[in-house]
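Q: I am attaching a structure below and will ask some questions about it afterwards.
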């Protein structure tokens, strides 16, 4: 955990720097808190989804092997959930931009 925390903060600041460099206005820049939460949710949800699929995932490392999620769902179910989530997120993004667009 000692190595992960500085890496997350470093990734947060690099991401914010790149977002500003890409031309997003400063007042629309994403806060460090939002970036940090996004990194943590994305990273850990990826680990959880991989645990359903791969036998080499060990939640108890460095202790003996333990993965209670293995084979709970089949590979097509996990990948189907990912595809569904992608389209649901895209739909939410579009609806949010249409309904809550800033008036100029």
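Q: Checking residue 39 against (1) surrounded by 13 or more Cβ atoms within 10 Å (Cβ to Cβ); (2) outside any helix (DSSP H, G or I), which single condition isn't satisfied?
A: Residue 39 satisfies all of (1) surrounded by 13 or more Cβ atoms within 10 Å (Cβ to Cβ); (2) outside any helix (DSSP H, G or I) except (2).
Q: Quick test of your reading of the structure: residue 84 fulfils all but one of (1) assigned to a loop (DSSP other than H, G, I, E, B); (2) surrounded by fewer than 12 Cβ atoms within 10 Å (Cβ to Cβ); (3) at negative phi. Name the failing condition by number.
A: (1)
Q: Moving on to the next point. Being at pLDDT below 75 and within 25 Å of residue 61 (Cβ to Cβ) is the filter here, so list the residues in the stretch 1-46 that pass it.
A: 1, 2, 3, 4, 5, 6, 8, 9
Q: Is it true that residue 52 is out of contact with any strand residue (DSSP E or B) (no Cβ under 6 Å at 6 or more places or on another chain), assigned to a helix (DSSP H, G or I), under 24 Å from residue 86 (Cα atoms) and modelled with pLDDT of 75 or more? Reasoning before the result, please.
A: Details: out of contact with any strand residue (DSSP E or B) (no Cβ under 6 Å at 6 or more places or on another chain): yes; assigned to a helix (DSSP H, G or I): yes; under 24 Å from residue 86 (Cα atoms): yes; modelled with pLDDT of 75 or more: yes.
For residue 52, the condition - out of contact with any strand residue (DSSP E or B) (no Cβ under 6 Å at 6 or more places or on another chain), assigned to a helix (DSSP H, G or I), under 24 Å from residue 86 (Cα atoms) and modelled with pLDDT of 75 or more - is met.
The values are calculated or read from the model by the stated rules, or taken from the named source; none is laboratory data. Computed from a prediction, not measured in an experiment: that's the story for all the values here. A quick note on method: Cβ atoms are made from the backbone with ideal geometry, for glycine too, and the neighbour counts reach across all protein chains shown.
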